[in-house]
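Undergrad: Structure incoming, see below.
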Amino acid sequence: MIEDQAALEAFCERARSATFLTVDTEFVREKTYYPQLCLVQVATDDEAVAIDPLAEGVELSPLFALMNQTTMPKVFHAAGQDLEIFANLSGALPSPLFDTQIAAMVCGFGEQVGYERLARALAGAELDKTARYTDWSRRPLTETQINYALGDVTHLRKVFIELTAQLEREDRVGWVQEEMSAIADIARYQPSVEDAWRRLKPRGDKPQFLNVLVSVAKWRELEAQRRDVPRNRVIRDDTVMEIAASAPTDAGTLGKVRGYSENAAKGKQGHAILEAIQEGLAKSRDDAPKLKKRKPLSDAAAQGAALLRVLLKARAENAGVAQRIIANTEELERLAERGAQSDVPALTGWRRDLFGDAALELLAGRLFIGFENGKVSERKD
């Protein structure tokens, strides 16, 4: 455990010469808007530490400098929530990134493979699950809890080494680098409050409803951030939708909205919500967001998508790659509808080489698929 600033600075200085860093975080967020960082585990080639950001006097700028300014890979497993923490606390992402979950999908370990499975398969490790449901904000941590946390980065060393070796053998290092470029966009982890309404997935498309929804959802997001509480602690999702649908203009009407109280409507929060509603009502119809409506697939596109699913399964299995990382159902349908004009990942980079070009050939009638000797076969016209 690292629980003082001098020890943290000394470790970060030693770690600058490492060939790679494996990284994980422990946090809680049940009662807050922002995840509360409780522990950062980092391993070099020959050292592993658990850094306590809750310890008095510990300030993480040396760690952020190590993550952002050095050239060795920063290795995570399923990095999304960890990267959100780094983005919020330091304003930058660790770089360069390597996500073993994504690499494992490229290497044929299935879709969204868990760390426990990879640790067993590639590092021969059986993880101790006794500390899995630890409240990481409580102190002191036990030796069992610390060892459990460190296991998330010590076994990850071997996982990283084995995956990297397989990627090099199969000439797929570039494939993973493409994927890392996509997750290294900090905007993914700092969404705009203007887009807060999207989380609610509205079905109605009336301009007034959408304008009010945008304004009220934005207010709720800012209020949750200001108070550092979960969104639903401010107002529940279904209540936000009810308010947008009824668009009350006074406290009495607001207090009758299902899920909202008359007392709250008369108070400071109610006044703020009514201001947000007025902001939405003042917008023009043209200001309302345009919801994308999927038209039902034509019979031809539906048949094309069915054929593409067969081709995708065969190509993915032959290459030892998870299907999902190549294309999902919606993307296959868009590809069947629009062909080469489709804006889908399957028509870019390594995916196009593996699947996209063959998919276009199939849709154009220049590639045929059949079933032969117990497997899907392909034949060009």
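Undergrad: For Asn211, work out the one condition from (1) open to solvent by 60 Å² or more (accessible area, probe 1.4 Å); (2) farther than 25 Å from Glu30 by Cβ it doesn't fulfil.
TA: (1)
Undergrad: Conditions: (1) modelled with pLDDT under 95; (2) within 21 Å of the chain's Cα centre (by Cα). Gly204 meets all but one. Number of the miss?
TA: Checking Gly204 against (1) modelled with pLDDT under 95; (2) within 21 Å of the chain's Cα centre (by Cα), the one that fails is (2).
Undergrad: Moving to a separate point now. Give me the pairs: first residue in the stretch 301-327 and of a type in the set (S, T, N, Q), second residue in a helix (DSSP H, G or I), beta-carbon distance under 6 Å, and six or more apart or on different chains, which are they?
TA: As it stands, the answer is Gln323/Leu312; Gln323/Ala316, since those pairs meet every condition given.
Undergrad: Let me ask another. Considering the stretch 218-235 alone, what residues qualify as being surrounded by 15 or more Cβ atoms within 10 Å (Cβ to Cβ) and out of contact with any helix residue (DSSP H, G or I) (no Cβ under 8 Å at 6 or more places or on another chain)?
TA: Residue satisfying the conditions is Val229 alone.
Undergrad: On the basis of being under 30 Å from Phe355 (Cα atoms), open to solvent by less than 10 Å² (accessible area, probe 1.4 Å) and either at pLDDT below 95 or charged (D, E, K, R) (or both), does Val113 make the cut?
TA: On the way: under 30 Å from Phe355 (Cα atoms): yes; open to solvent by less than 10 Å² (accessible area, probe 1.4 Å): yes; either at pLDDT below 95 or charged (D, E, K, R) (or both): yes.
It is true that Val113 is under 30 Å from Phe355 (Cα atoms), open to solvent by less than 10 Å² (accessible area, probe 1.4 Å) and either at pLDDT below 95 or charged (D, E, K, R) (or both).
Undergrad: Which ones in the stretch 5-43 are open to solvent by 30 Å² or more (accessible area, probe 1.4 Å), under 25 Å from Pro73 (Cβ atoms) and of a type in the set (A, V, I, L, M, F, W, C)?
TA: Once the filter is applied, which keeps residues that are open to solvent by 30 Å² or more (accessible area, probe 1.4 Å), under 25 Å from Pro73 (Cβ atoms) and of a type in the set (A, V, I, L, M, F, W, C), the stretch 5-43 yields Ala7, Ala10, Phe27.
Undergrad: In the stretch 102-136, which residue that is among the β-branched types (Val, Ile, Thr) and within 30 Å of Thr70 (Cα to Cα) is nearest to the chain's Cα centre (by Cα)?
TA: As a first pass, look at the stretch 102-136 and keep what is among the β-branched types (Val, Ile, Thr): 102, 106, 113, 130, 134.
Subsequent filtering for residues that are within 30 Å of Thr70 (Cα to Cα) retains 102, 106, 113.
Details: Ile102: 12, Val106: 17, Val113: 14 Å.
Of everything passing the filter in the stretch 102-136, Ile102 is nearest to the chain's Cα centre (by Cα).
Undergrad: Identify all residues within the stretch 341-381 that are among the hydrophobic types (A, V, I, L, M, F, W, C), surrounded by fewer than 13 Cβ atoms within 10 Å (Cβ to Cβ) and part of a strand (DSSP E or B); write none if there are none. Spell out how you get there, then give the answer.
TA: Looking only at the stretch 341-381, we keep the residues that are among the hydrophobic types (A, V, I, L, M, F, W, C), and these are 344, 346-347, 350, 354-355, 358-360, 362-364, 367-369, 371, 376.
Imposing the further condition that a residue be surrounded by fewer than 13 Cβ atoms within 10 Å (Cβ to Cβ) reduces the set to 364, 371.
Within the stretch 341-381, Phe371 is the sole residue that qualifies.
Undergrad: Check the stretch 242-261 and report whether any residue there is closer than 26 Å to Thr32 by Cβ and without any contact (Cβ under 8 Å) to a residue 12 or more places away in the chain.
TA: Step one: filter the stretch 242-261 for residues closer than 26 Å to Thr32 by Cβ, giving 242-244, 259-261.
Narrowing further to those that are without any contact (Cβ under 8 Å) to a residue 12 or more places away in the chain: 261.
Within the stretch 242-261, one or more residues are closer than 26 Å to Thr32 by Cβ and without any contact (Cβ under 8 Å) to a residue 12 or more places away in the chain.
Undergrad: Does Leu297 satisfy being in contact (Cβ under 8 Å) with a residue 12 or more places away in the chain, open to solvent by 30 Å² or more (accessible area, probe 1.4 Å) and part of a loop (DSSP other than H, G, I, E, B)?
TA: Criteria met by Leu297.
Undergrad: Looking at (1) surrounded by 13 or more Cβ atoms within 10 Å (Cβ to Cβ); (2) part of a helix (DSSP H, G or I), which is the one condition that is false for Glu330?
TA: Looking at each condition in turn, Glu330 falls short on (1).
Undergrad: Continuing with this model, one more query. Give the residues of the stretch 140-181 that are open to solvent by 30 Å² or more (accessible area, probe 1.4 Å), under 21 Å from Gly124 (Cβ atoms) and touching a helix residue (DSSP H, G or I) at 6+ places or on another chain (Cβ under 6 Å), sorted by residue number.
TA: Within the stretch 140-181, His155, Lys158, Glu162 meet the criteria.
Undergrad: Scan the stretch 130-171 for residues that are in contact (Cβ under 8 Å) with a residue 12 or more places away in the chain, assigned to a loop (DSSP other than H, G, I, E, B) and not small (Gly, Ala, Ser) and jot them down.
TA: Within the stretch 130-171, Thr130, Arg132, Thr134, Asp135, Trp136, Arg139, Leu141, Glu170 qualify.
Undergrad: If you don't mind, another one. Return the only residue of Gly252, Gly259 being outside any helix (DSSP H, G or I) and open to solvent by 20 Å² or more (accessible area, probe 1.4 Å). Write out each step before concluding.
TA: On the way: Gly252 fails: outside any helix (DSSP H, G or I).
Unique residue meeting the criteria: Gly259.
Undergrad: Condition first: farther than 16 Å from Pro35 by Cα, in contact (Cβ under 8 Å) with a residue 24 or more places away in the chain and of a type in the set (D, E, K, R). Now tell me which residues in the stretch 224-241 satisfy that.
TA: Across the stretch 224-241, the qualifying residue is only Asp237.
Undergrad: Here is a follow-up. Taking the stretch 11-30 only, how many residues are out of contact with any strand residue (DSSP E or B) (no Cβ under 8 Å at 6 or more places or on another chain), of a type in the set (D, E, K, R) and at pLDDT 95 or above?
TA: Of all residues in the stretch 11-30, those out of contact with any strand residue (DSSP E or B) (no Cβ under 8 Å at 6 or more places or on another chain) come to 12-14, 16-19, 30.
Then drop every residue that is not of a type in the set (D, E, K, R), which leaves 13-14, 16, 30.
Checking the rest, the ones that are also at pLDDT 95 or above come to 13-14, 16.
Number satisfying all stated conditions: 3.
Undergrad: Testing Leu308 on (1) in a loop (DSSP other than H, G, I, E, B); (2) buried (at least 20 other Cβ atoms within 10 Å of the Cβ); (3) over 22 Å from the mean Cα position of the chain (by Cα), one condition comes back false. Which one is that?
TA: (1)
The values are calculated or read from the model by the stated rules, or taken from the named source; none is laboratory data. The shown structure was predicted, so the numbers you read here are calculated from the model rather than taken from an experiment. Neighbour counts run over all protein chains shown; Cβ positions are idealised from the backbone, glycine included. Ligands, DNA and RNA are excluded from the accessible area calculation, which covers all protein heavy atoms including side chains. Shrake-Rupley method; radii C 1.70, N 1.55, O 1.52, S 1.80 Å.
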